[in-house]
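Everything below concerns the one structure shown next.
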Amino acid sequence: MIVLGIESTAHTFGVGVVEDRPPYILADKRVNYVPSRGGIHPREAALYFMDNAVKVLREALSEAKLSVKDVDGIAVALGPGLGPCLRVGATIARALATYFRKPLVPVNHAVAHIEIGKLLTGFKDPLIVYLSGGNTMILAFSDGRYRVFGETLDIALGNFMDTFVREVGIAPPYVVNGVHKLDMCADEGKNFINLPYVVKGQDVSFSGLLTAALKLFRSGVYDLRDICYSVREVAYTSIVEVSERGLAHTKKKELLIVGGVAASKVLRTKFEVLSMLRGVRLGVVEPKYAVDNGVMIAWTGLLALKHGVSVEPERAYVRQRWRPDSVDIPWMS
Amino acid sequence: MDELVLIASGAEANLYRGRFLGYDVVVKHRVSKPYRDVKLDLMIRRDRTLTEAKIMLLAMSLGVRVPTVLYVDLENSIIVMEYVEGVLLRDYIGLVDEGVRRAYLELLGVYVGKLHKNDITHGDLTTSNVIVSSNGSLYIIDFGLSKISNDVEDKAVDIHLLMRSFESIHYNMSKELLTYFLRGYRSVLSPNEVNDILNTVKEIRLRGRYVEERRVRKS
């Protein structure tokens, strides 16, 4: 079985083609919308996607040496994400499915991050820590679904990091050579300054930390590098702590880190320490597939299609706030 | 104190069982976490140990059953408390029939209501932090994230966490459990207080990054 998948939830428009046998990935093409200042402007990103979609689709098909006729299904990320961006991918997927008479497979973007992570690490039933610009969640499979065991009560970790470095004037760009500006700045600091450390049960919260850190910065008393170090320490540690709580609670033996923020070396080291401490296996998705891509959508679409999941094109609405714990996962049982 | 036996290794503390002054006790030792900055680590462990011990004593004085605190060592982040023989509410819920379930959930509602009425929030209220003891009493444990707070937000977080433990572990009876719990909870707090708290729970749930229900701005 071969499935083509389309990703367009935020700043990446990606098309992937996968097959149900090794080497699995037949094509992986993507373009990224990079704002010249500020964060992602949804409409600007969507316009950029429209300009590039056909090119990316053609390149992916030619890399896979296939035509749309040869695939068994069209998968598309219908959410969660930014509405205008989601609609570009959804429109193209609906058109392809209708014109070529292929089943259209709805894919939840968060579930796709988990499934590609499992494919690449070989993990079967991990505790999942999903960290990206728009998402911060601790999940684990239980009775048919990925259940949310903890999440941010306000802003996501990536969003928090981006906002902080932007407000103190060292970004954009937010990431240089795969390293986030917060990590760069924090690597130079060493004095820990007390900041609000918020863990509520298995949830975290970053809005208070952001306000307090910016207040410290504006007071002009502290070295920015020490503030960065302290901010990073508090933010990362709270995530690792709730992950540890998740492990203690679910008794899972594998710990899988997915999403764009998984690239941070310091965070990775903290998770390595945690995995040794609790005697669990650690899997961190390689940066190429930790960030948004079409391959993960295609792969999850393939798993779903094998279990008869598809949607009529006229009913394939985008869902900006689609929670992963509302999606049945028939391929896990 | 003689031989200690490790009985549980939780997320932030090791629990040992032993004898102390002739009592059957649990020794809760908050261990240092090598993944955090040393200064942050010391601060977190000391603060949580102190708060936990203080609030357990306070809870007890309000008639909420918690293990009796016998000794506190702040420098080493250690609390020695009464050992409660029993089973976690989390495991107990599925084993008993509806009447028993209702009685315990209502009692839990009363206990949490008493805590909230006195501005104590638990901070990690789940069915894994409640013990049904062998003699049938209900104990609330693990006050490590608790605090004294009159902020409706903190009380709402307690309810939100408890609801989520219903939804994630006891998903096929979560509505039923919540109904019983609220019956006890409402018997202690005034209708206005309960409404404020439950409205804030709703708000918190909508604040999560991705929720299906739309946020509607109040005009």
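The values are calculated or read from the model by the stated rules, or taken from the named source; none is laboratory data. Note that the structure is a prediction, hence the values are computed from the model and not measured. Cβ: placed from backbone, ideal geometry, glycine included. Neighbour counts: every protein chain shown.
Below, the figures for the structure above:
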{"quantity": "Pairs where the first residue, in region A:143-169, is closer than 20 Å to residue B:127 by Cα and facing another protein chain (nearest Cβ under 7 Å) and the second is of a type in the set (Gly, Ala, Ser) and in a loop (DSSP other than H, G, I, E, B), C-beta under 7 Å, 6+ apart", "calculated": "A:151/B:208"}
{"quantity": "Residues within region A:306-324 that are over 19 Å from residue A:82 (Cα atoms), in contact with a Leu (Cβ under 8 Å, 6 or more places away or on another chain) and not in a loop (DSSP other than H, G, I, E, B), tallied", "calculated": "2"}
{"quantity": "Some residue of region B:88-96 being on the phi > 0 side of the Ramachandran plot, in a loop (DSSP other than H, G, I, E, B) and not assigned by TED's automatic domain parsing to the domain that holds residue B:11", "calculated": "no"}
{"quantity": "Residues of region B:117-152 that turn out to be among the polar types (S, T, N, Q) and either surrounded by 20 or more Cβ atoms within 10 Å (Cβ to Cβ) or in a helix (DSSP H, G or I) (or both), as a count", "calculated": "6"}
{"quantity": "Test for residue B:36: is it touching a residue at least 60 places away in the same chain (Cβ under 8 Å) and either surrounded by 17 or more Cβ atoms within 10 Å (Cβ to Cβ) or part of a helix (DSSP H, G or I) (or both)", "calculated": "no"}
{"quantity": "Residues of region A:306-333 classified as under 27 Å from residue A:252 (Cβ atoms) and not hydroxyl-bearing (Ser, Thr, Tyr), total", "calculated": "14"}
{"quantity": "Flag for residue A:81 being part of a loop (DSSP other than H, G, I, E, B) and within 14 Å of chain B (Cβ to nearest Cβ)", "calculated": "yes"}
{"quantity": "When residues of region A:245-262 are limited to those that are within 11 Å of chain B (Cβ to nearest Cβ) and in contact with a Ser or Thr (Cβ under 8 Å, 6 or more places away or on another chain), the one modelled with the lowest pLDDT", "calculated": "A:249"}
{"quantity": "Residue B:63 being within 22 Å of residue B:155 (Cα to Cα), in a loop (DSSP other than H, G, I, E, B) and in contact (Cβ under 8 Å) with a residue 12 or more places away in the chain", "calculated": "yes"}
{"quantity": "Test result for residue A:242, touching a strand residue (DSSP E or B) at 6+ places or on another chain (Cβ under 8 Å), within 9 Å of chain B (Cβ to nearest Cβ) and in a helix (DSSP H, G or I)", "calculated": "yes"}
{"quantity": "Filtered residues of region A:149-177 (kept if under 19 Å from residue A:129 (Cβ atoms) and assigned to a loop (DSSP other than H, G, I, E, B))", "calculated": "A:153, A:154, A:155, A:156"}
{"quantity": "Those residues of region B:156-190 which are at the interface with another protein chain (Cβ under 10 Å from one of its Cβ atoms) and farther than 13 Å from residue B:101 by Cβ, in sequence order", "calculated": "B:157, B:158, B:160, B:161, B:162, B:164, B:165, B:167, B:168, B:169, B:171"}
{"quantity": "Among (1) assigned to a helix (DSSP H, G or I); (2) modelled with pLDDT under 95; (3) away from chain A (no Cβ under 14 Å) - the single one residue B:113 does not satisfy", "calculated": "(2)"}
{"quantity": "First in region A:267-279 and closer than 13 Å to residue A:129 by Cα and more than 7 Å from chain B (Cβ to nearest Cβ), second anywhere and modelled with pLDDT of 95 or more and assigned to a helix (DSSP H, G or I), Cβ under 6 Å, 6 or more apart", "calculated": "A:267/A:236"}
{"quantity": "Complete set of residues in region A:249-269 that are surrounded by fewer than 22 Cβ atoms within 10 Å (Cβ to Cβ) and touching a Lys or Arg at 6+ places or on another chain (Cβ under 8 Å)", "calculated": "A:253, A:254, A:266"}
{"quantity": "First in region B:40-55 and away from every other protein chain (no Cβ under 12 Å), second anywhere and aromatic (Phe, Trp, Tyr), Cβ under 8 Å, 6 or more apart", "calculated": "B:51/B:143; B:52/B:143; B:55/B:143"}
{"quantity": "Candidates A:69, A:65, A:29, A:55 - the one that is in contact with a strand residue (DSSP E or B) (Cβ under 7 Å, 6 or more places away or on another chain), under 16 Å from residue A:5 (Cα atoms) and either at pLDDT 95 or above or not small (Gly, Ala, Ser) (or both)", "calculated": "A:29"}
{"quantity": "Among residues of region B:7-17, those that are at pLDDT below 95 and more than 20 Å from the chain's Cα centre (by Cα), counted", "calculated": "0"}
{"quantity": "Single residue of region A:96-129 satisfying the filter (part of a loop (DSSP other than H, G, I, E, B) and under 13 Å from residue A:301 (Cα atoms)) that is farthest from the chain's Cα centre (by Cα)", "calculated": "A:102"}
{"quantity": "Exclusive hit being in contact (Cβ under 8 Å) with a residue 24 or more places away in the chain, surrounded by 18 or more Cβ atoms within 10 Å (Cβ to Cβ) and in the same structural domain as residue A:146 (by TED's automatic domain parsing), set A:222, A:229", "calculated": "A:229"}
{"quantity": "So residue B:155, is it surrounded by fewer than 17 Cβ atoms within 10 Å (Cβ to Cβ), under 29 Å from residue B:199 (Cβ atoms), in contact (Cβ under 8 Å) with a residue 40 or more places away in the chain and outside the structural domain of residue B:60 (by TED's automatic domain parsing)", "calculated": "no"}
{"quantity": "In region A:279-305, residue modelled with the highest pLDDT [restricted to those that are surrounded by fewer than 19 Cβ atoms within 10 Å (Cβ to Cβ) and in a helix (DSSP H, G or I)]", "calculated": "A:288"}
{"quantity": "Considering residues of region A:196-207 that are more than 9 Å from chain B (Cβ to nearest Cβ) and within 19 Å of residue B:48 (Cα to Cα) only, the residue surrounded by the fewest Cβ atoms within 10 Å (Cβ to Cβ)", "calculated": "A:196"}
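Here is a yes/no grid of residues against (1) under 25 Å from residue B:202 (Cα atoms); (2) of a type in the set (A, V, I, L, M); (3) crowded, with 19+ Cβ neighbours inside 10 Å:
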site: A:136; (1), (2), (3): yes, no, yes
site: A:154; (1), (2), (3): yes, no, yes
site: A:164; (1), (2), (3): no, no, yes
site: A:167; (1), (2), (3): no, no, no
site: A:176; (1), (2), (3): no, yes, no
